[in-house]
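Enquirer: Dropping the structure in here first, questions after.
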Amino acid sequence: MYSKILNIFSGILFFFMTLSLGGCGRYADTESIDLTREDKVSVHDIFSEVRIVIPETHPDYLIGTISSAEYYKGRFYLFDRKSQKVFCVDEKGRFQFKISARGHGPEEYVHISHMSIDSFNDQILLLEASMQRLQAFDMEGNHAATYNITAEIPLAYNWAFALNTDTLLLISIMGDQLIFFCRDELEIIQTELPMAIAEGIFPFSPSDMSFYQFNNRAYYLPVLGQKVADVSEMQPNPYFKWDFGPDNNSPGQYERLYNELAAIGPQASVKLYQDFVGRDKIINQAILKVAETTRYKMAVVEFDEDYKNIIIDKKEGTYFVFSGFSEEISLLYLNVSDDMALGSPTLPGRVPEALSHRVLSSFHPSVLSEADKKRLKDWDEMEDNPFLVVYKFKE
């Protein structure tokens, strides 16, 4: 087991090296960040507008929890994982339609694990990870296609996104991190970034927060990496890298991490990032989330037993590092697009006691306008649907 971990680790190091060398391997941009800073930043320093969207209450449209949210062409698409339904509302919260097709028949799904919007084909993509397939619906909620995404050796699919009109990118928490699927040929055409794990040992996994789309390009940050790659054409090409100076991780630190995980064994899977990450621990930092808009680059980093939020203002040439906005809000949003971030007042799942001191919420009533504060006062948590918080980025 130990040798397997180190062999995979060596492969990952080789990938990182090839990504940073050679003609197309040079990074055009390096973002140098001092993680020890603690800047005072208000939500209103970054966002021009904050408002709430309250989906209308109707017996046929009852939302339990907004598990994920997407904005596209004037509409919000809300996925409720518990009820296994997708709800579409306009900007005023008026319901347009819902997708409720759970079942075992044609054009139905057994269990949806992830929703995304395919802007290339104007479709809603719903991933059935357990069934190794993806269901596509048009923007009015009508079933459009079913894609069976199978391989000789079963793969774990956790998130699915469209890269272009024909290619899908699936992200996995085991095996290969990136799987590319051709809808025209109905087959897997390429896999990239083998995971630096031995199953049941390594607690750090990719997530949909390691991936983002910007200007019709697709970008990915490998697990425990600091170099963002452009994966739009499937071949990962360097885009930019994060440089934390003395808090960069070294190959020796990664090797010590794998040694420690191998010694712990399967119990390592229940550990948190903070158990291994920090200036006085095995590795210095770990980037958990990346995003980009026309004006900003953003990241959430595990560092010194806290989340450090990073916002780079590309227009002003400045950056902020902070544990939370002054309004006690984090960058842990449901979704970030080019001009807005979407949040929810509900914390996802149970928060471990070890993380309770951190800023984990993406909402605080103080950021709202007086009109929205009144609407919120009239909102009944027990009777009304949960609301969405819309943060409009400054241009």
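Enquirer: What residues of segment 85-106 lie in the reach of a label at D138, counting those whose backbone N is under 12 Å from a point 7 Å from the Cα along Cα→Cβ?
Expert: None, by backbone N distance to the label point.
Enquirer: Over the alpha carbons of segment 246-344, what is the largest minus smallest coordinate on each principal axis, giving the biggest first in Å?
Expert: Principal-axis extents of segment 246-344 (Cα, largest first): 45, 31, 23 Å.
Enquirer: Among V359, V390, W379, whose Cα lies farthest out toward the positive end of the dipole of segment 354-395, if unit charges sit on the beta carbon of Lys, Arg (+1) and Asp, Glu (-1)?
Expert: V359
Enquirer: Can you compute the helix-only [θ] at 222 nm over the chain? Use -39500 (n - 2.57) per DSSP H run of at least 4 residues, normalise by all residues, nearest 500 deg cm²/dmol.
Expert: Details: 4 runs with 46 residues, N = 395.
Taken over the chain, the calculation gives -3500 deg cm²/dmol.
Enquirer: So, one more: Quick check on packing: order 282-290, 103-111 by the mean number of other C-beta atoms within 10 Å, highest mean leading.
Expert: On the way: 282-290: 21.1, 103-111: 11.3.
Taking the mean over residues of other Cβ atoms within 10 Å, the ranking is 282-290, 103-111.
Enquirer: OK, next. With every protein chain present, what is the per residue accessible area of the chain (1.4 Å probe, Å²)?
Expert: Working: 17810 Å² over 395 residues.
Per-residue value: 45 Å².
Enquirer: Residues in segment 93-135 near a label at R375, defined as backbone nitrogen under 16 Å from the 7 Å Cα→Cβ point?
Expert: Counting backbone N atoms under 16 Å from the label point, the list is 93-96.
Enquirer: While we're on this one: If I require 24 Å or longer along the helix axis, counting alpha carbons, and a Kyte-Doolittle average no lower than -1.0, what helices from the chain are left? Use full DSSP H segments.
Expert: On the way: long enough: 2-20 (27 Å, 1.36).
Long hydrophobic helices here: 2-20.
Enquirer: I want to make sure I understand the PRE zone here: with the label point 7 angstrom from the Cα of D384 toward its beta carbon, which residues in segment 84-101 have backbone N atoms less than 16 Å away?
Expert: From segment 84-101, the list is 90-95.
Enquirer: Return the carbon/sulfur percentage of the accessible area of the chain, one whole number, probe 1.4 Å, all protein chains in place.
Expert: Working: 8810 of 17810 Å².
Solvent-exposed carbon and sulfur of the chain make up 49 percent of the total.
Enquirer: Among the GluC sites (Glu not before Pro) in segment 277-350, which ones are in a DSSP loop with at most 11 other Cβ atoms within 10 Å of the Cβ? Mind listing them? Spell out each step's value before the answer.
Expert: Working: sites: E292, E302, E305, E316, E327, E328; in loops: E305, E316, E327, E328.
Here the sparse-neighbourhood loop sites are E316.
Enquirer: Mind giving me the FRET efficiency for S269 and R102? R0 is 25 Å, r the Cβ-Cβ distance, nearest 0.05 is fine. Mind showing how you got there, number by number?
Expert: On the way: r = 30 Å, r/R0 = 1.20.
Once the sixth-power term is evaluated, E becomes 0.25.
Enquirer: Also, I was wondering about something else. In whole Å, what are the Cα extents of segment 30-162 along the three principal axes, biggest one first?
Expert: That gives 54, 43, 27 Å along the principal axes, largest extent first.
The values are calculated or read from the model by the stated rules, or taken from the named source; none is laboratory data. Remember, predicted model here, so these are calculated numbers, not experimental data. Cβ sites come from the backbone with ideal geometry, for glycine too, and all protein chains shown count toward neighbours. Accessible surface is based on the protein model in full, side chains and every heavy atom, while ligands, DNA and RNA are left aside. Shrake-Rupley method; radii C 1.70, N 1.55, O 1.52, S 1.80 Å.
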